[in-house]
1. Could you pull out the trypsin sites (Lys or Arg not before Pro) across segment 194-238 that fall in loop regions by DSSP (anything but H, G, I, E, B) with no more than 10 other Cβ atoms inside 10 Å?
2. Please report the carbon-and-sulfur percent of the accessible area for the chain; probe 1.4 Å, protein heavy atoms only, DNA, RNA and ligands left out.
3. Could you order peptides 474-487, 334-347 by the average number of other Cβ atoms within 10 Å of their residues, highest first?
4. Long-range amide H contacts for residue 359: which residues qualify at under 5 Å (H placed 1.01 Å from N, peptide plane, sequence gap of 5 or more or a different chain)?
5. Pull up all non-local amide H partners of residue 90: gap of 5 or more, or a different chain, and H-to-H distance under 5 Å with H placed in the peptide plane.
6. Counting heavy atoms of the protein chains only and a 1.4 Å probe, report the per residue accessible area for segment 61-109 as a whole number of Å².
7. Using mean Cβ contacts within 10 Å as the protection proxy, how do 460-473, 412-425, 67-80 order, highest first?
8. Counting DSSP beta bridges in the chain, what percent are antiparallel, to the nearest 5?
Amino acid sequence: MGYVTNEQLVPVREQADNTGEGVVDTLVAQGVLSAAIVAQAKATHFGAEFVPLNEMRIADDVLATVRRDVAKRFNVVPVRKEEHGLVVAMTDPSDLETLDGLQHTLNTEIIPAVATVEDIQDAIGKYYGVRDDSVSKMIQDITEGEVEVGRIAAVQTDDGATVEADAPIIKLVNTMIVEAFKLRASDIHLEPLDKRFRVRYRIDGMLHEMKSPPKRLQASIISRLKIMSNMSIAERRIPQDGRIQAQVGGKTIDLRVSCLPTTHGESIVMRILDKEGLKLGLPELGFLTDDQQTFERLIGLPDGILLVTGPTGSGKTTTLYAVLNYINRPDRKIITVEDPVEYVLAGINQVHVNESVGLTFGMALRSMLRQAPNVIMLGEIRDLETATIAINASLTGHLVFSTLHTNDAPSAVTRLIDIGVKPFLVASSSRALMAQRLVRKICKKCFQPYQPTEHELRALSIDPAKAASATFRKGKGCGDCNKTGYRGRMGIFEIFVIEDEVRKLIYEKVAATVLRGRARELGMRTLREDGTRKVLAGMTTPDEVIRATAMDID
């Protein structure tokens, strides 16, 4: 293209050979070529379009086709939609791995265009709201030299290795936690892989991959987190657990840290526990008016057992804490037994199970009954001993709340009988069983009318007449919801109230399917039916409910 002469190339080639850098990189470093000229040359060479991203405005509907985490992971920016696919700006149109990954992730044909590295980074910051203090920016800015600067201390491990507490590493870890909190993440996953150190945030129940730190920083980051959470940095062979307390924006947050040895190093997961979530009322949990009235009646009973069921991560503990907050009054003594105590509640006696010193669920439960509580909350019913003591407590004038891992509410009965509880004890002690799942709420800033497909209407059993008068909505995607169209989560519930007719069926040890059928006849609303009501009210989308209730085929 005439930008460089042969005379200029001779010394540049020699320097490039000596330094191990590419000829083009050396030309750019010396100022002979600009990044824009190199990008234009690449575009010409590969027959692709050159796009000056800093001179154009990308439409919102185009930006919505590529999520923030995808744009950051692949370092690309969508430019426009065309009949045959999506035009995407990237630095290297010959990078087949990125093209294949994008095509698989977005499920559409990718038409590569070329832009400079700086333009792509600026566009991601401009359109996707990536702040300068974000983790990815900090990780990118950390160089080998900076890691050596500002060394605070070195920790000697038992095997002779030295773990250095570098100032940039401390800042990086702190920023990672702050960024996760600002993005409303519930978990931070740090996963050592073969050739990279992956960082993912779980936001509204979905994992989003962030920019990975360099693999060489893996040991320093893990050691820093283990020191912060009071784990042994010398021990790398067994799992460890710890806690971190941090101040973020004037708020105190707790992080529950789990460290697990894996093939390529220690994997760390941090669960962010925000105490503000405990102040949720029953409507904020997702209860509609009729279910809320039923539930308020049940938690106001003087005795009996109330079980909340669902898989891990379905919000059972949050529901129970919200219930305790609701019924926490000066005239009630409330004791909880948990492993571990996730949130500290004012005015409630909380017992942390510690099996290493013999303080098991069973021992704690037996001892707490001598404390004459009105309400008992048991973290989870795990075995026959725990179940028996909890049921006996409910039969002697105590109101007992607990959780159980089952797919639906009626299955909790057969689960208790399977672990050895007598059917007559289950029938006489149980007041209600409630299954729950979490679905994402539509973003209030960018929602718009939406017409569900015939498949979605059929899956949710919505007849056309009801669909015509419903308020279907879907999020378009904006900066407030990270282009996902969703912000926050709520529960969908299946409340199975135990009445005399149901008690008779439990005595007879009928199968869970029979019990479920009878519960439906008596008016129990299934998870999918409750989700459908929230779809019709414009609170969530059909695909969210279908995803969360895939097992619910009634």
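The values are calculated or read from the model by the stated rules, or taken from the named source; none is laboratory data. Here the structure is a predicted model, which means the values were calculated and not measured. Positions of Cβ are backbone-derived with ideal geometry, glycine not excepted, and every protein chain shown enters the neighbour counts. With ligands, DNA and RNA removed, areas are computed over all heavy atoms of the protein, side chains included. Shrake-Rupley method; radii C 1.70, N 1.55, O 1.52, S 1.80 Å.
1. Answer in residue order: 195, 237.
2. After summing per-atom areas, the C and S share lands at 50 percent.
3. Result, highest mean Cβ count within 10 Å first: 474-487, 334-347.
4. 354
5. It is 113, 114, 115, by chain and number.
6. Using a 1.4 Å probe on heavy atoms only, each residue of segment 61-109 averages 48 Å².
7. Sorting 460-473, 412-425, 67-80 by mean packing, highest first, produces 67-80, 412-425, 460-473.
8. Once the DSSP bridges in the chain are tallied, antiparallel ones form about 65 percent.
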